[in-house]
Structure formats: C-alpha cells, structure tokens
Amino acid sequence: MTVTSKFASAAVAALLVSAVGAQTFAAEITPLADETVETAKAIRDKALESDEAYEILASLTTEVGARLAASPKEVEAQEWAVAKFQELGFDKVWKEPVMVPKWTRISESASVVAPFAQPLVITALGKSVATPEGGVTAEIAHFATYEDLEAAERSAVEGKIVFISNRMERFRTGAGYGPAVKARGAGASMAASKGALAIMIRSIGTDTHRLPHTGGVTYDEAQPKIAAVALSNPDADQLVRMLGYGEAVSVHLDIQTTMEEPVEMFNVIGEITGREKPEEAIILGSHLDSWDLGTGAIDDGAGVAITMAAANLIQDFSETRPYRSIRVVAFAAEELGLIGARQYAEAHKDKDMDKHIIGAESDFGAGPVWALASNVNPASLHVVDKMATVMGPLGVVRSDRKAGGGPDVGQLARAGMPVMDLMQDGTDYFDLHHTADDTLDKVDPVALRQNVAAWVSFAYIAAEWPGYFR
Ligand SMILES: [Zn+2]
C-alpha cells in the first residue's frame with residue numbers, strides 16, 4: 001500500500017471562509033485522498049467478518065468479571081488490559097496514575113414494616129454511606145419527582161425516608177436518562193437538607209425485571225450524608241400501590257458500606273504509533289471499571305473491546321502504520337465520577353492536548369451505531385462527511401447534532417480536543433445498565449462487529465488524513 005502523506009504538503013487548493021460569531025476566518029482545506037477512503041472501506045469490510053471484539057469482551061468479562069473502581073478487581077482489570085494490548089501487538093503500552101476513593105458494598109436489605117410487611121429488593125447506590133448499625137425504620141415521604149422533593153416543606157420530609165418514584169422513559173438516544181438520573185445523583189443531599197434519614201429511589205432503568213440499578217450518588221458536602229438506595233422497578237411499583245391505600249407506609253432499611261482513602265489506580269493506554277506524526281494521536285476512549293453487580297459487559301466492557309479491536313484491525317491491515325498514532329485509552333474509575341478521564345485531561349491539558357487530534361468514546365453498550373455527530377472546524381467537515389459515507393452501508397447516518405465526546409472523552413473536549421460521537425442505539429441499554437444482568441450473553445456479536453466497522457472507518461480516516469479538526 002502506498003502512503004498518502006504526499007497530500008500533507010499539498011493542502012492548498014481551496015480556501016474556506018466561514019463566519020463564526022463576529023469573526024471571519026479562513027482555513028485551508030486539506031484534501032482527503034481517495035486511497036484513504038478506499039482503504040477505510042476495506043478495513044470496514046474486514047471488521048464485519050471479525051469477532052475479535054467479542055473475543056476481547058468475553059476474555060474481560062470471564063477472566064476478570066465485575067471490576068468496581070479501586071477494588072482489587074479493577075487492579076486485575078488493569079493487568080488484563082496491559083496484557084491484552086501487548087498480546088495484540090500494540091506498539092506502546094503504558095499506564096497513567098489516578099487516585100480513586102475506595103468504596104465497598106458490604107450488605108444491603110430493606111423491607112416494608114407496615115401496612116403490608118414484606119421484603120423489598122434494593123441495592124445501595126455507589127458511594128452511599130451506610131445506615132446507622134442495625135438500620136433505620138421510618139415512614140416513607142413519597143415524591144413523584146426530584147423537583148417535587150426540592151419544592152417540599154421540611155416538615156414533610158424530616159425524620160422520614162424519602163422515596164422518589166419517577167420512571168425513566170425509553171428513547172433510542174438514551175434521552176430519558178438525564179432527567180431521571182437527577183434523583184440518583186442529587187436526591188440524597190436534597191432529602192438530607194430537609195432532615196430525611198435516608199433516600200430510596202426507583203431504579204434509573206427502563207426494564208420491568210426485579211433487579212435494582214446501582215449508580216453513583218453525589219453528596220453535597222454542605223449537607224449531612226444519608227444512605228441512598230435504588231428499588232427495582234417492580235418494588236417501586238409495589239410501594240406506590242401501598243401508598244395508594246392512604247395509610248402511612250413504613251420501611252426498614254439497612255445497608256452497610258465503607259469508604260476508604262483514595263488508592264492509586266491507572267488509566268491503561270495502548271498505542272499504534274503513527275509513521276509520519278507519531279506524537280499526534282487519535283483518541284479512542286472507553287472505561288475499564290464497572291459496577292460490582294454484573295460483569296460489566298455492556299458498561300463498559302463493550303467499549304473497551306470495540307476500541308481495542310478497531311485499533312488492532314487497522315494495525316493488522318498493513319505493515320505501514322497510519323500517518324499519525326491511534327491511542328486507545330481505557331479510563332479508570334468512570335463510574336465513581338469520571339475520575340480517570342478528569343485526571344487524564346488535567347495531566348495533558350498544558351502538556352500536549354494540542355497533539356490530541358480528535359477523539360471519540362464508546363460507552364453506550366453494544367447496540368449498533370446509527371448516527372455520526374461531530375464537533376470540528378468547518379474546514380474539516382468534508383472529512384467527517386466522508387467518514388459518514390463510509391459508514392453508510394452499516395446503517396449510519398450523518399447527524400447535525402453537536403458531538404459532546406461522551407462522559408470521559410468529553411473531559412478532553414473541554415480541554416480543547418475536537419470530538420465525534422458514534423451514536424449507538426440505546427433503546428435497550430437502560431434495561432441492563434448498572435444491574436446484575438449486565439452480562440456477556442446480552443451482547444449481540446453481529447452488532448459488536450458493526451460497531452467495530454464504524455470505529456475503524458472513523459479512526460483510520462482520522463489517523464490517515466493529514467489535516468486538522470480543530
Ligand atoms: Zn459506562
């Protein structure tokens with residue numbers, strides 16, 4: 001295969017003048033070589049025949065399993081990732097340190113005491129404090145939404161266990177998550193500010209199975225910290241029905257957890273080194289940690305597998321490395337608050353963020369990619385459009401939505417890196433997300449191949465095109 005670097009110096013043909021706010025600027029359009037597009041198509045087609053991503057995912061979820069951030073299992077996952085990058089023959093493999101607080105789930109139980117005594121299926125939210133030893137028993141103060149709790153008088157909440165019952169709506173884009181998840185993130189401190197003893201929320205999930213969804217709680221340091229749990233959807237329905245009888249409903253809640261001092265974890269990074277501009281990199285992001293209930297297959301083992309396999313397919317395709325480097329970053333401790341990605345952005349922001357050419361993240365399960373969004377300069381839009389064309393046969397359309405880069409890679413976007421979103425179909429994602437049901441059998445190998453095919457189309461063209469997206 002001949003290389004396309006001759007175009008690096010031939011980037012003069014056209015000028016694009018664009019108005020951004022009050023300022024007008026002109027930018028050179030760097031052409032994208034036909035050969036680059038043809039090679040991308042060939043690698044795309046190879047990806048559609050490869051089960052490498054599935055094999056990587058099976059390896060991670062079987063050999064490591066659940067990998068709660070800062071736990072010994074995350075350490076195992078890091079060792080697994082280093083070994084996997086090496087086994088796949090990445091040119092460079094390294095780790096960058098991240099300090100992560102160590103939260104541990106010890107035990108959890110809940111039951112209705114009155115009027116209809118029976119057990120409830122719950123799980124502690126990540127980072128939740130414990131209830132006092134022996135648990136708490138109190139009347140439920142029910143709110144339909146977080147906003148209703150926010151508007152409530154202290155007298156309606158004080159001394160009670162708050163219950164927020166809003167149900168997350170199902171969307172292909174996952175758009176129901178944002179409005180619903182507020183109850184999980186901020187509900188505890190809002191309830192505590194009004195004197196609540198604990199908080200129970202309906203799981204942030206779209207399923208009807210009796211498995212609660214965990215996920216992080218974020219405490220406001222100005223408020224007392226109270227225990228926070230999620231009920232499975234059927235258990236939340238059960239409580240709502242009981243409240244419908246018009247009598248006080250009281251619940252006993254006992255969760256035991258610990259929070260220890262931060263420990264050193266690592267972002268694990270594997271790179272295919274570019275032949276012309278090795279110091280410049282395309283970033284393919286995902287996160288290596290998972291919650292402790294399932295085996296983290298869809299969140300985010302799939303993302304780790306898709307990005308690793310995509311980079312590896314590109315390097316396997318030819319002896320020649322792409323024009324610039326492809327860097328696969330498996331971030332640490334995403335679930336505890338994007339800790340690995342924040343650390344990466346901080347460490348690189350003044351050092352070499354300008355060498356981070358463009359990035360994207362796979363962290364929305366294993367559903368097929370259906371749209372491509374970007375946040376790049378106007379002079380590089382023709383390249384993004386061409387990527388979308390290469391992805392077209394995979395069922396991917398060009399989206400005019402502004403890309404955010406995802407939770408982790410979004411941290412790098414804030415530090416100035418251009419990003420793209422390979423938007424996945426998340427219709428079913430929140431049936432499984434953060435539950436014990438997040439296991440390998442839920443992943444469709446055909447959809448996983450399609451993801452890798454979309455990712456190689458993006459990554460190869462971005463790495464081979466000599467122009468810039470910022
Ligand atoms: Zn995730």
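The table that follows gives values for the structure above.
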quantity: Members of region 149-176 found to be out of contact with any helix residue (DSSP H, G or I) (no Cβ under 8 Å at 6 or more places or on another chain) and either assigned to a loop (DSSP other than H, G, I, E, B) or touching a residue at least 12 places away in the same chain (Cβ under 8 Å) (or both), listed by number; calculated: Ala152, Glu153, Arg154, Ala156, Glu158, Gly159, Lys160, Ile161, Phe171, Arg172, Thr173, Ala175
quantity: Test: residue in region 301-313 that is farther than 17 Å from Gly367 by Cα and not aliphatic (A, V, I, L, M); calculated: yes
quantity: Answer from Gly359, Gly340 - the residue that is surrounded by 24 or more Cβ atoms within 10 Å (Cβ to Cβ), within 13 Å of the ligand (Cβ to nearest atom) and not in a loop (DSSP other than H, G, I, E, B); calculated: Gly340
quantity: Unique residue being polar (S, T, N, Q), under 20 Å from Glu147 (Cα atoms) and open to solvent by 10 Å² or more (accessible area, probe 1.4 Å) when the list is Thr208, Thr218; calculated: Thr218
quantity: Matching residues, region 221-234, being over 29 Å from Arg170 (Cβ atoms) and either surrounded by fewer than 16 Cβ atoms within 10 Å (Cβ to Cβ) or within 24 Å of the chain's Cα centre (by Cα) (or both); calculated: Glu221, Ala222, Gln223, Pro224
quantity: Qualifying residue in region 257-265 (condition: more than 16 Å from the ligand (Cβ to nearest atom) and not in a strand (DSSP E or B)); calculated: no
quantity: Residue count for region 272-329, restricted to those that are within 20 Å of Thr36 (Cβ to Cβ) and either of a type in the set (Ser, Thr, Tyr) or in a strand (DSSP E or B) (or both); calculated: 16
quantity: Flag if Gly294 is farther than 20 Å from Ser71 by Cα, crowded, with 22+ Cβ neighbours inside 10 Å and touching a helix residue (DSSP H, G or I) at 6+ places or on another chain (Cβ under 8 Å); calculated: no
quantity: Pick from region 51-84, criterion part of a helix (DSSP H, G or I) and polar (S, T, N, Q), ranking: surrounded by the fewest Cβ atoms within 10 Å (Cβ to Cβ); calculated: Thr62
quantity: Residue tally, condition assigned to a helix (DSSP H, G or I) and of a type outside the set (A, V, I, L, M), over region 177-219; calculated: 9
quantity: Where Asp237 falls short, out of the listed (1) within 27 Å of the chain's Cα centre (by Cα); (2) without any contact (Cβ under 8 Å) to a residue 12 or more places away in the chain; calculated: (1)
quantity: Filter result for Gln450 (within 16 Å of the ligand (Cβ to nearest atom), at pLDDT 95 or above and either surrounded by 22 or more Cβ atoms within 10 Å (Cβ to Cβ) or closer than 27 Å to Thr273 by Cβ (or both)); calculated: no
quantity: Considering residues of region 317-337 that are more than 13 Å from Val98 (Cα to Cα), within 27 Å of the chain's Cα centre (by Cα) and open to solvent by 10 Å² or more (accessible area, probe 1.4 Å) only, the residue farthest from the ligand (Cβ to nearest atom); calculated: Arg327
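Conditions (1) crowded, with 16+ Cβ neighbours inside 10 Å; (2) not in a loop (DSSP other than H, G, I, E, B), marked per residue:
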{"site": "Gln86", "(1), (2)": "no, yes"}
{"site": "Phe90", "(1), (2)": "yes, no"}
{"site": "Val93", "(1), (2)": "yes, yes"}
{"site": "Lys102", "(1), (2)": "yes, yes"}
{"site": "Ile106", "(1), (2)": "no, yes"}
{"site": "Val112", "(1), (2)": "yes, yes"}
{"site": "Ala130", "(1), (2)": "yes, no"}
{"site": "His142", "(1), (2)": "yes, yes"}
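The values are calculated or read from the model by the stated rules, or taken from the named source; none is laboratory data. Computed from a predicted structure; not experimentally measured. Cβ sites come from the backbone with ideal geometry, for glycine too, and all protein chains shown count toward neighbours. For the accessible areas, the whole protein counts, side chains as well, though only heavy atoms, and no ligand, DNA or RNA atoms are used. Shrake-Rupley method; radii C 1.70, N 1.55, O 1.52, S 1.80 Å.
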